Amino acid sequence: MLADSEYLDEKLKNTNPNLNVLKEYKKREEEFMKRAKDLEETTTARDTQKQLYDGLRKQRLDEFMVKEMYQMITLGGNAELELVDSMDPFSEGIIFSVMPPKKSWKNISNLSGGEKTLSSLALVFALHVFKECLDCGELYIKDRTKNAQFIIISLRNDMFELSHRLIGIYKTANATQSISIDNHALARRTIKAVPAAA
C-alpha cells in the first residue's frame with residue numbers, strides 16, 4: 001500500500017496538466033448555449049409560421065364554397081367539388097360536378113358550352129368572394145364588372161337587360177353576320193316613351 005501511495009505521489013508530481021482545457025471548455029459551452037438559443041428561436045418562428053399556414057389552409061377549405069355561387073348564378077342549379085385527396089385537398093386537385101336547373105348531375109367536361117361558361121363563372125367568383133350573400137346572379141355579375149370588360153354568352157332576358165351592349169350573331173346567305181346594340185341608349189329611350197302615371 002505504501003509503495004502504491006509513493007508511486008501515485010511521484011506520478012502526480014511529474015504530471016503537467018493543461019489548464020487551458022478549462023478555458024476551451026468554457027468557450028465551447030458558451031458557443032453551445034448560443035446555438036441552442038438560436039435553435040429554439042428558429043423552431044418557435046417555424047412553429048408560428050406553420051400554425052399560420054395551417055390556419056389559412058383550413059380557412060380556404062372551410063370558406064371556398066362554389067355551390068352557393070353556382071346556385072345563385074343559375075337560379076336553382078347545384079354544384080359539388082369532390083376532393084381527389086381529402087387529406088391534402090390542395091395538392092391533388094378536385095373533381096367539379098354540376099347539376100344545371102332541371103337536369104341531372106354531370107362532370108363539367110360533359111356540359112354544353114353555355115353550361116360550362118356558367119360553371120366556370122361560379123368557380124371564378126368563388127375564388128374572389130367567400131360566403132357573400134347576394135340576391136341575384138345577374139346583379140352580382142353586374143356589380144363585379146364595374147371596372148372590367150366582361151363578355152357573357154347567354155340567352156337569358158335578365159342578362160340582356162343588365163348588359164351595356166348587346167352583340168347578336170346570325171347567319172344569312174351562307175355568311176355569319178353580327179349586329180351591335182347600345183343597350184343603355186335603348187333603355188333610356190324606352191323610359192322616355194313610357195307615359196307618366198296620372
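The values are calculated or read from the model by the stated rules, or taken from the named source; none is laboratory data. Computed from a prediction, not measured in an experiment: that's the story for all the values here. Using ideal geometry, Cβ is built from the backbone for each residue, glycine included, and neighbour counts are taken over all protein chains shown. Heads up: the accessible areas ignore ligands, DNA and RNA and are worked out on the full protein's heavy atoms, side chains in. Shrake-Rupley method; radii C 1.70, N 1.55, O 1.52, S 1.80 Å.
Would a scan of segment 127-146 turn up a residue that is modelled with pLDDT of 70 or more and not in a strand (DSSP E or B)?
Of segment 127-146, the ones modelled with pLDDT of 70 or more are 127.
Narrowing the set further to residues that are not in a strand (DSSP E or B) leaves 127.
Checked against the condition, which is being modelled with pLDDT of 70 or more and not in a strand (DSSP E or B), segment 127-146 yields at least one hit.
For segment 2-31, what are the residues that are within 60 Å of the chain's Cα centre (by Cα) and open to solvent by 100 Å² or more (accessible area, probe 1.4 Å)? Step through it out loud before you land on a result.
Start the filter on segment 2-31 by keeping residues that are within 60 Å of the chain's Cα centre (by Cα), which leaves 21-31.
Residues satisfying the conditions are Leu22, Lys23, Tyr25, Lys26, Lys27, Arg28, Glu30.
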Taking segment 68-82 only, how many residues are in a strand (DSSP E or B) and polar (S, T, N, Q)?
-> 1
Among Glu10, Glu80, Glu92, Glu24, the single one that is in contact with a Lys or Arg (Cβ under 8 Å, 6 or more places away or on another chain), charged (D, E, K, R) and without any contact (Cβ under 8 Å) to a residue 60 or more places away in the chain is Glu80
Given the conditions (1) within 30 Å of Ala79 (Cβ to Cβ); (2) modelled with pLDDT of 85 or more; (3) open to solvent by 100 Å² or more (accessible area, probe 1.4 Å), every one holds for Leu166 apart from (3)
